[in-house]
1. Quick one: in segment 58-86, of everything that is part of a loop (DSSP other than H, G, I, E, B) and within 13 Å of residue 156 (Cα to Cα), which residue is modelled with the highest pLDDT?
2. Residue 360 - would you say it is part of a helix (DSSP H, G or I) and not β-branched (Val, Ile, Thr)?
3. List pairs: first in segment 53-73 and in contact (Cβ under 8 Å) with a residue 24 or more places away in the chain, second aliphatic (A, V, I, L, M) and in a loop (DSSP other than H, G, I, E, B), Cβ under 7 Å, 6+ apart or cross-chain?
4. Suppose we filter 86, 66, 104 for residues that are within 25 Å of residue 288 (Cβ to Cβ) and among the small types (Gly, Ala, Ser); which single one remains?
5. Identify, from the list 79, 134, the residue that is within 18 Å of the chain's Cα centre (by Cα), hydrophobic (A, V, I, L, M, F, W, C) and crowded, with 16+ Cβ neighbours inside 10 Å.
6. For the condition more than 18 Å from residue 273 (Cβ to Cβ), touching a residue at least 24 places away in the same chain (Cβ under 8 Å) and among the basic types (Lys, Arg), what is the one hit in 202, 220, 251, 231?
7. Determine whether residue 204 is modelled with pLDDT of 85 or more, surrounded by fewer than 16 Cβ atoms within 10 Å (Cβ to Cβ), closer than 26 Å to residue 290 by Cα and not hydroxyl-bearing (Ser, Thr, Tyr).
8. Could you list, in sequence order, all residues of segment 87-115 that are surrounded by fewer than 16 Cβ atoms within 10 Å (Cβ to Cβ) and modelled with pLDDT under 90?
Amino acid sequence: MSFCNFRKKGPQLPPPCSMPSALEALYAYYNKKMLPIEELTQFNKITTPSYTRPELTGKPSIMFIGPYSTGKTTMINYLLNQEYKGSKIGPEPTTDFFTIITYGDEPKIIESSAILCMGDYQFKQVESFGQSFLNKFHQVECPSDILKGMHIIDTPGFYENTNESGTGVGYPYYQVLRYFFQRVEMIVITFDVSRLGSSIPKIMALLEPFKEKVRIVLNKSDNIPPDNALKVRENLLWQLAKTSNSYETPKIYYGSFWEYEYEETFISKFIKKDHLEFEKDINELSKNYKGTRIGQIQKRAKKLRFYYHLHSTILKSYFFVKKRKNWQKIITEKEFFRISKILIDKQIILEANLPPVDEWVNGVKKLNNIKSWKTVEKKLDDQLDEFLTKDISAIIACANQEPPQIWNLMLNRPKVRKRILESGRKMVELQNENVMPKLEENKKTENLPQKNTNNNKSDPPPANNDDQRSPKMKLTTNATKTSTVTKTNTNGTKETNSNVSSKPEESNLKTQTSTEVKTVQDNKEQLPEDKN
């Protein structure tokens, strides 16, 4: 404190456009004008940790979330055009790690203990969630070209039965999700088109403050009839409308993000069209991610200013509250809404921008004390207001002048694997395209009538999928009878290949010509004589 109770002014920040980049300017202004108030109000402990320089200046990120076994990992491998090391795919919950996938010359897994030793690591703040979370966090390097410009984050299936404290998970699961939701530039939610699940309300409630980042994929859309796919999309839209506070819902894409061909139906046209739109969204992320990151800091600054005035009003309303042992009794939802009305009237915040009350109540009650809280200091408040009204606009103008990166992600590439259904039950994966013509030739030869090498016997037909064989029949030397019986044999073979029992076979034979019926009856009468 200097003479006459005036503060010494610190060094002034240079204009944003004179700094190396717009994101470097964003971090410099954030560190100067926001971070001191975050420490006073304990904002970084109540909500999410403070931003670091690598978080604001690093590469953009895409995060994949959704219920288990909805194709998150398969979709990521499709984007990478290869399987990243350690990826697991199955109908049961397989992925239980938060995995940061980044570029590397060779595939390898880096454990969390080694990652956090890097001083400039982009997601270093995850260490604030404790060792139990770090045991479920690692980084994977993958030699995919798309990772040269972005990070991809794979997550476990959504835990809908846990709470804020992370019961059953071992770490504050929802707090971890909020941290990544703030730090990433795109959030892709995958749903299995055959089972939407019951987690939609919880997922969308968490994503409400970040809905501009959300993209929804109805994955495996080629696995059900086209009419059902349309009904599932309508059902999902109806559920999203119930959970959203606005009339707009996130974009929904039909997806078939794997290497297998699908049947050409009218829904396949929508799949190909949505693949192109999703591809365009990701490629445009290279141009828009700076604006998204600046907008996220702007939202954080508005929320910080509200918390600053909220805590100041509590200190003015309750004398010596910082010295009370039972200060946590004051932290209630009722108190939050009482003070919020006062701050809305003072135009500190808009009613539509009020943060979640649960986040504030649960976050403050976890604090050991509130001794760092102080009443609003005019200089700091003016500094924060200047950041919101002037500095942010100047930083955005600088970001628009910078040349964007260029990505070339291709999602509508040719499918390299084919699949067929054998006997309506078993799925056969054919990785070699030359296998399909061979199978078709084998089917044609099986359906052709076989020539009789012996006048007295006919060879049995080949076994079908159910290992059924048509009955052997001894034939007479009569040429006409032999030819007619051969016809019935071939008909019998076709019927057994279509899984028809022996009784329907006899009923079908009765509908043939009278000569064929007589020859069959004669042959049946001769069979016991030949056995003797």
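The values are calculated or read from the model by the stated rules, or taken from the named source; none is laboratory data. Here the structure is a predicted model, which is why all the values come from computation and not from measurement. For neighbour counting, all protein chains shown are included, and Cβ atoms are generated from backbone atoms with ideal geometry for every residue, glycine included.
1. Residue satisfying both the conditions and the ranking: 66.
2. So residue 360 fits the description; yes.
3. Every condition considered, the pairs that remain are 59/150; 60/150; 61/150; 61/184; 62/150; 62/184; 63/184; 73/89.
4. Details: 86 fails: within 25 Å of residue 288 (Cβ to Cβ); 104 fails: within 25 Å of residue 288 (Cβ to Cβ).
Unique residue meeting the criteria: 66.
5. Details: 134 fails: within 18 Å of the chain's Cα centre (by Cα).
Just one listed residue meets the conditions, 79.
6. Going through 202, 220, 251, 231 in turn, just one is more than 18 Å from residue 273 (Cβ to Cβ), touching a residue at least 24 places away in the same chain (Cβ under 8 Å) and among the basic types (Lys, Arg): 202.
7. Answer is no for this residue.
8. Result: 88, 89, 90, 91, 92, 93, 94, 96.
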